[in-house]
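Here is the structure we will look at.
The values are calculated or read from the model by the stated rules, or taken from the named source; none is laboratory data. Since the structure is predicted, the reported quantities are computational estimates derived from the model, not experimental observations. Here the Cβ positions follow ideal geometry from the backbone for every residue, glycine too, while neighbour counts run over all protein chains shown.
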């Protein structure tokens, strides 16, 4: 198991980019829940963040892609607007134990290709 972060290190309404063995993902904390996605837009595969650790729109209500402005729901990654409307961000499976977010290293692999 790989310890990604302590849930208290991620403030409510913020996001955090993570790099594990050159695989890029990001976490968002909303309503005290943690969401973890691959850092890859379903449109053309580009990274999502505007600046380091900035994956959310100005209101911190949606995830926003920096390339074409696509907007995604935080809780399920559904694209609501933009060139990939109706597609989803790819979730990363994780567990929370003793206040820390862990991923299973044996299941860690690059996100599915864009098709």
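Filter the range 3-21 down to the residues that are over 14 Å from the mean Cα position of the chain (by Cα) and surrounded by 13 or more Cβ atoms within 10 Å (Cβ to Cβ), then identify the one that is modelled with the lowest pLDDT. Steps first, please.
If we filter the range 3-21 for residues that are over 14 Å from the mean Cα position of the chain (by Cα), which is where we start, we get 3, 6-9, 11-12, 21.
Checking which are surrounded by 13 or more Cβ atoms within 10 Å (Cβ to Cβ) leaves us with 7, 9.
Values: 7: 93, 9: 89.
So, considering only residues that are over 14 Å from the mean Cα position of the chain (by Cα) and surrounded by 13 or more Cβ atoms within 10 Å (Cβ to Cβ), the one modelled with the lowest pLDDT is 9.
Number of residues in the range 48-83 that are more than 22 Å from residue 5 (Cβ to Cβ) and crowded, with 21+ Cβ neighbours inside 10 Å: the value is 3.
Restricting the range 25-47 to residues that are part of a loop (DSSP other than H, G, I, E, B) and under 23 Å from residue 2 (Cα atoms) leaves a set whose member that is modelled with the lowest pLDDT is 47.
Going through the range 57-74 one residue at a time, which ones are in contact (Cβ under 8 Å) with a residue 40 or more places away in the chain and more than 18 Å from residue 92 (Cα to Cα)?
Within the range 57-74, the subset in contact (Cβ under 8 Å) with a residue 40 or more places away in the chain is 60, 63, 74.
Of everything in the range 57-74, just one residue is in contact (Cβ under 8 Å) with a residue 40 or more places away in the chain and more than 18 Å from residue 92 (Cα to Cα), namely 60.
When 82, 77 are checked against the criterion of being touching a residue at least 12 places away in the same chain (Cβ under 8 Å), at positive phi and within 13 Å of the chain's Cα centre (by Cα), 77 stands alone in meeting it.
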